[in-house]
Amino acid sequence: MPQSPTVSLAAIPPAGGRIVILTGAGISKESGLETFRDPGGIWSKVRLEDVATPEAFARDPARCHAFYNMRRARHRSMDVQPNAAHHALVRLEKEWPGDVLLVTQNVDSLHDRAGSKNLIHMHGIYTQARCNDCGHALDWPGDMSVEDICSGCSRAGGLRPNVVWFGEMPMQMERIYEALRSCDLFISIGTSGNVYPAAGFVAAVRKMTDAHTAELNLEPSQGATLFAEAHYGPATQTVPAYVDTLLAAYQ
Ligand code: BJW
């Protein structure tokens, strides 16, 4: 049974308080998208070394394209929609009397489709392409192949999914660390805490601030002991309940 989210009043930031939220694949699980490291997850079916590194793309771009084409096709399907957890975070952004920054590791567009505005895709987004030759990025909701031509430089063969692979620098790190440095509440949702630098955010917040930290996940993550508060259960239950508790303090 999920633990019911009880947030002590001392843990609720003051009006004007800054909230930073980190999300991972677990928040999209109940929308029908697979996580990476759960039993039966993506990395149990395909080796990340074969599809999620720049070396893999250089070696066999067609294989990488096939992997992302398959995931994009699933993402396009009608039954993949933002769920109650995505919507609750939109409500928090709209109603919280202070700044809310959402940093997602997810390459899907469910936070965008739910309506989150102050949003950073630190691992990119797979419905965009980026050209390895000229750096041009463009929307690319359909299939991608080695024959496709970049509209920026008119060359073929350079387009890749606009995502961050292992060994590459995640996006907008300066803006993220600036927000972490000045936050009053850090919430981590649906991430296993295996992948850096995101996995190091909670430790960075503890080191740089007096902020409260909370983990909302199906089960304890790798960094679970670093959080001051934790609620375990499906995101569609824990996230709306947690958001309700935060907002109730100011209604
Ligand atoms: C539910 C749920 C439900 C289920 N409700 N919850 C040693 C130390 C530090 C770094 C390194 C190191 N060794 C190597 C590195 C570097 C490397 C790294 O971290 N490797 C680790 C494996 C150790 N990192 C990098 O290379 C990164 N770049 C980098 O470090 O640059 C240098 C740098 C350093 C410092 C500052 C700045 C820069 C790049 C990482 C890129 C990751 N890319 C991927 C693929 C993206 C494209 C794609 O999707 O194909 O990103 S890998 C994959 O993992 C994806 C995810 O975003 C990421 C995180 O996964 P996530 O979201 O946590 O998913 P899961 O499956 O792991 O967890 C899901 C969780 O949800 C589980 O806990 C479930 O219980 C839970 N859950 N159902 C709530 N219903």
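The values are calculated or read from the model by the stated rules, or taken from the named source; none is laboratory data. Please read these numbers as outputs of a predicted model, since none were measured by experiment. Note: ideal-geometry Cβ built from the backbone for every residue, glycine included; neighbour counts use all protein chains shown.
Overview of values
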read-out: Restricting the range 200-216 to residues that are in a helix (DSSP H, G or I), more than 13 Å from the ligand (Cβ to nearest atom) and not hydrophobic (A, V, I, L, M, F, W, C), the residue that is surrounded by the most Cβ atoms within 10 Å (Cβ to Cβ); value: ARG206
read-out: Positions within the range 120-178 being part of a loop (DSSP other than H, G, I, E, B), among the aliphatic types (A, V, I, L, M) and closer than 19 Å to ARG63 by Cα, in sequence order; value: MET144, VAL146, VAL164
read-out: Residue check, GLY115 under 16 Å from the mean Cα position of the chain (by Cα) and under 21 Å from THR236 (Cα atoms); value: yes
read-out: So GLY193, is it more than 14 Å from the ligand (Cβ to nearest atom) and at positive phi; value: no
read-out: Residue within the range 74-84 that is within 11 Å of the ligand (Cβ to nearest atom), closer than 19 Å to PRO170 by Cα and either in contact with a helix residue (DSSP H, G or I) (Cβ under 6 Å, 6 or more places away or on another chain) or among the hydrophobic types (A, V, I, L, M, F, W, C) (or both) present; value: no
read-out: Condition check for ALA88: in contact (Cβ under 8 Å) with a residue 60 or more places away in the chain and surrounded by 20 or more Cβ atoms within 10 Å (Cβ to Cβ); value: yes
read-out: Hits in the range 176-187 (condition: in contact (Cβ under 8 Å) with a residue 60 or more places away in the chain and either among the charged types (D, E, K, R) or in contact with a helix residue (DSSP H, G or I) (Cβ under 6 Å, 6 or more places away or on another chain) (or both)); value: LEU180, ASP184, PHE186
read-out: Wholly within the range 37-84, helices (runs of 4 or more DSSP H) carrying at least 3 residues that are more than 19 Å from THR191 (Cα to Cα); value: 48-51, 54-59, 61-76
read-out: Residue selected from the range 231-251 under the condition in contact (Cβ under 8 Å) with a residue 60 or more places away in the chain and among the hydrophobic types (A, V, I, L, M, F, W, C), by the criterion surrounded by the fewest Cβ atoms within 10 Å (Cβ to Cβ); value: ALA249
read-out: Residue within the range 25-32 that is among the polar types (S, T, N, Q), crowded, with 20+ Cβ neighbours inside 10 Å and in a helix (DSSP H, G or I) present; value: yes
read-out: Failed condition for TYR242, given (1) in a loop (DSSP other than H, G, I, E, B); (2) at pLDDT 95 or above; (3) in contact with a Pro (Cβ under 9 Å, 6 or more places away or on another chain); value: (1)
read-out: Filtered residues of the range 179-199 (kept if assigned to a loop (DSSP other than H, G, I, E, B) and buried (at least 17 other Cβ atoms within 10 Å of the Cβ)); value: CYS183, ASP184, GLY190, THR191, SER192, GLY193, VAL195
